[in-house]
1. Output the residues belonging to region 30-48 that are assigned to a helix (DSSP H, G or I), of a type in the set (A, V, I, L, M) and touching a helix residue (DSSP H, G or I) at 6+ places or on another chain (Cβ under 9 Å).
2. Just the residues that are farther than 15 Å from residue 90 by Cβ and of a type in the set (Val, Ile, Thr), please, taken from region 18-53.
3. Please work out if residue 61 is at pLDDT 95 or above, within 13 Å of residue 97 (Cβ to Cβ) and not charged (D, E, K, R).
4. Any residue in region 77-93 that is hydroxyl-bearing (Ser, Thr, Tyr) sitting within a Cβ distance under 6 Å of a residue that is at pLDDT 95 or above and in a strand (DSSP E or B)? List the pairs, counting only those 6 or more apart or interchain.
Amino acid sequence: MQLHMRSICLLALGLASCAELLPTMQVGDYPLVAEYWDGINRGVRPKAEFALACPANALQLTVLDAFQNELGYWWVRQVGVTGCGKRAVYVTSPNGWIRSS
């Protein structure tokens, strides 16, 4: 459904208006598409739970680096994870989220 809405947006309204159609949520300094942030959580949280030996519900994710694309959407490049007195940084890659520290 989201992909269909984006296609309609691109055709009917033009690029500048598209970012307003998808539900967003504020994550730190960034207004992220809610479904996108949920996907980041699903990709990072299980890996961090294992690597930090910390339950998923005790982990806090923080956007460390993001950029705004030509459609007005924010894309996250780096996520910090803290929990159980430990910290890690995950970066996006073609193979998903990988730990960089």
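The values are calculated or read from the model by the stated rules, or taken from the named source; none is laboratory data. These numbers were taken from a predicted model, which means no experiment stands behind them. With ideal geometry, Cβ positions are generated from the backbone for all residues, glycine too; neighbour counts draw on all protein chains shown.
1. Once the filter is applied, which keeps residues that are assigned to a helix (DSSP H, G or I), of a type in the set (A, V, I, L, M) and touching a helix residue (DSSP H, G or I) at 6+ places or on another chain (Cβ under 9 Å), region 30-48 yields only 48.
2. Passing the criteria: 24, 33.
3. Numbers: at pLDDT 95 or above: yes; within 13 Å of residue 97 (Cβ to Cβ): yes; not charged (D, E, K, R): yes.
So residue 61 passes the test.
4. Correct list of pairs: 82/60; 90/79; 90/97; 90/99; 92/77.
Yes or no, residue by residue, for (1) surrounded by 10 or more Cβ atoms within 10 Å (Cβ to Cβ); (2) of a type in the set (S, T, N, Q); (3) part of a loop (DSSP other than H, G, I, E, B); (4) in contact with a Leu (Cβ under 6 Å, 6 or more places away or on another chain):
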site: 54; (1), (2), (3), (4): yes, no, yes, no
site: 62; (1), (2), (3), (4): yes, yes, no, no
site: 67; (1), (2), (3), (4): yes, no, no, no
site: 71; (1), (2), (3), (4): yes, no, yes, yes
site: 78; (1), (2), (3), (4): yes, yes, no, yes
site: 81; (1), (2), (3), (4): yes, no, no, yes
site: 89; (1), (2), (3), (4): yes, no, no, no
site: 97; (1), (2), (3), (4): yes, no, no, no
